[in-house]
Each structure stands twice: as structure tokens, then as C-alpha cells.
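Undergrad: My questions will all concern the structure given below.
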Amino acid sequence: MKHSFIALAITVAVCASCASSPNSPDAGSARAPDPGKDTSGLSKNWIASGKSYPEAGLFSGPIAWEAGQYIVTGTIAKGKYEQVTRQLIVGKEGDGWVIESISTDKKGITTGSQMLLKGLDAAMSSGNYGNITIGWMKQLNEKGEVNTVDAEQMRFFASFIKPVYESMLTSVGEFIEAGTIQVPAGSFAGTSLIETETKVLGKSIKSKTWYHSAVPINGMIKSLSDDGSTLIELLSWGTDGEPRIK
């Protein structure tokens with residue numbers, strides 16, 4: 001269960017990021033930025049909620065997916081606010097799930113995608129992620145326009161993304177108790193920490209990630225790259241989200 005869930009989470013993240021904002025964090029320090037020096041306007045998303053969540057036992061996987069579940073995460077790199085992303089479960093369609101990912105970068109540019117990922121449930125059960133396919137996809141560009149990807153473009157995108165998640169090799173450690181973790185979304189008691197190494201197309205990514213069962217979609221509340229270059233924090237979450245791409 002543990003390995004399947006983490007591989008699934010990485011697959012979804014890879015698909016969403018490839019279809020949305022083209023910007024990615026630069027290497028550097030993930031130290032906390034000074035909001036007073038923020039010129040991006042993203043700092044307003046890092047407001048502490050003041051909420052507290054009790055211990056939920058050692059993490060074993062996210063709660064069952066349902067339409068409306070969403071998480072908002074913020075990325076910090078080189079001591080600067082880099083990006084804010086909302087991932088939303090739009091709903092189920094046939095044997096797949098419709099997932100929306102909308103990101104705003106440090107330049108204030110908002111882009112995103114909504115796509116049907118088919119075969120996710122079967123992949124979760126079998127561990128064979130090579131059978132995941134993209135049924136359809138819509139893209140939100142920086143002008144606020146929504147474009148439906150046509151059949152030819154879809155074939156091109158599928159031919160690009162499929163080798164990415166098929167080539168993923170994920171080395172997963174064991175969950176350990178990690179105590180209370182404070183992020184903008186709240187204070188989470190009894191978190192679980194796990195170290196992973198993912199190799200995608202020859203590139204190795206090591207990270208430490210903290211999870212809590214109260215959080216939907218993937219359960220993640222914080223992730224720090226092994227070299228300290230990138231920090232991702234949970235800013236907020238909920239179960240009543242509405243899609244931006246109609």
C-alpha cells in the first residue's frame with residue numbers, strides 16, 4: 001500500500017506539473033522568506049490558519065478520493081516565494097479521475113490544466129503505472145483562456161509523458177513517527193515522516209516528506225528536498241472545492 005500510494009502521488013504530480021506552469025524552482029536555500037521583501041504578492045498565501053489537528057496514527061495512505069477534495073501548497077526556493085498550486089479532485093469519470101491543477105508563479109502568472117487520468121484505481125491495485133492514460137485535457141493559459149487539447153496534441157503529449165512515469169524508479173523508506181509539524185495550514189500532531197528517492201529520466205530526486213491522515217488527496221503537509229533547495233508546505237485544504245476550468 002505504502003509504495004503504491006507514493007508512486008501514485010508522484011505520477012499525478014508529474015502529469016499535473018507537465019501540463020501546467022512551465023516554471024520550476026531554482027536550486028538554493030529553502031529558508032523562510034521575509035514577507036516584507038516579497039515582490040511577488042505570493043506571501044499573502046502563507047498566513048497561519050491557527051487550526052490544530054490531533055494525532056491520527058502512523059500514516060498508511062490518503063483518505064478515499066471524492067469530488068471537491070483539494071489541497072493548496074506553496075513552494076519556497078532560494079529564500080523566495082516561488083509558486084502556489086491548488087490540486088483539486090473534480091470527480092470520477094468512467095475508470096478514471098478528473099484532476100485539476102492551477103498554479104500562480106512569482107511573476108503573478110496563473111496557468112493550469114484539467115485532465116482525465118484513466119486507470120488510476122487499477123494502477124493503485126497492481127502497481128503497474130504504465131497503463132495510466134490521459135483521456136482528455138484542457139489547459140488554462142496565462143491570458144485566462146481555456147483551450148481543449150485536440151487529438152493530435154494529445155497524442156504528442158501522451159508520447160512525452162508516458163515514458164516519464166514508466167521510467168520512474170522510486171525507492172521508499174519506512175514511515176517513522178515525526179511528532180508535531182507546523183505549516184500555514186495548521187499544527188498537525190502525530191505526523192509521519194518518510195524519505196524517498198525518485199529517479200525520472202536519469203535524474204535523481206531525494207526528499208523528506210511529512211504526512212497526516214486528515215489531509216485529502218495525498219496526505220502531504222510538508223516536503224523538503226535532500227539538498228535543502230526546495231520546500232513545499234501545505235497552505236490550506238478542504239473538501240468543497242470547485243473547478244476553475246469549466
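Undergrad: Within the set of pairs 6+ apart or on separate chains, which have a first residue in region 48-66 that is at positive phi, a second that is modelled with pLDDT under 90 and not acidic (Asp, Glu), and C-beta atoms under 9 Å apart?
TA: Gly61/Met1; Gly61/Lys2; Gly61/Ser4; Gly61/Phe5
Undergrad: Look at Leu224 and say whether it is of a type outside the set (Asp, Glu) and open to solvent by less than 30 Å² (accessible area, probe 1.4 Å).
TA: Taking the combined requirement at face value, the residue does not satisfy it.
Undergrad: Oh, and also: Restricting attention to region 185-208, does a residue exist that is open to solvent by 30 Å² or more (accessible area, probe 1.4 Å), within 15 Å of the chain's Cα centre (by Cα) and modelled with pLDDT of 80 or more?
TA: Scanning region 185-208 turns up at least one residue that is open to solvent by 30 Å² or more (accessible area, probe 1.4 Å), within 15 Å of the chain's Cα centre (by Cα) and modelled with pLDDT of 80 or more.
Undergrad: Filter region 35-67 for residues that are among the acidic types (Asp, Glu) and at pLDDT 90 or above; which is most open to solvent (accessible area, probe 1.4 Å)?
TA: Among them, the one singled out is Glu55.
Undergrad: OK, next. Got at least one residue in region 122-141 being part of a helix (DSSP H, G or I), open to solvent by 70 Å² or more (accessible area, probe 1.4 Å) and touching a residue at least 40 places away in the same chain (Cβ under 8 Å)?
TA: Among the residues of region 122-141, at least one is part of a helix (DSSP H, G or I), open to solvent by 70 Å² or more (accessible area, probe 1.4 Å) and touching a residue at least 40 places away in the same chain (Cβ under 8 Å), which makes the answer yes.
Undergrad: Would you mind telling me which numbered condition in (1) over 20 Å from Thr239 (Cα atoms); (2) surrounded by fewer than 20 Cβ atoms within 10 Å (Cβ to Cβ) Thr111 fails?
TA: The one condition Thr111 does not meet is (2).
Undergrad: Please enumerate the residues belonging to region 211-237 that are in a strand (DSSP E or B) and of a type in the set (A, V, I, L, M, F, W, C).
TA: Met220, Ile221, Leu224, Leu231, Ile232, Leu234, Leu235, Trp237, listed by residue number.
Undergrad: Got a sec? Which of Ile76, Ile10, Ile89, Ile99 is surrounded by 14 or more Cβ atoms within 10 Å (Cβ to Cβ), modelled with pLDDT of 75 or more and farther than 19 Å from Lys246 by Cα?
TA: Ile76
Undergrad: Can you confirm whether Ala32 is closer than 23 Å to Gly190 by Cβ, modelled with pLDDT under 95 and among the small types (Gly, Ala, Ser)?
TA: Answer is no for this residue.
The values are calculated or read from the model by the stated rules, or taken from the named source; none is laboratory data. Please read these numbers as outputs of a predicted model, since none were measured by experiment. Neighbour counts run over all protein chains shown; Cβ positions are idealised from the backbone, glycine included. Side chains included, ligands, DNA and RNA excluded: accessible areas come from the protein's heavy atoms. Shrake-Rupley method; radii C 1.70, N 1.55, O 1.52, S 1.80 Å.
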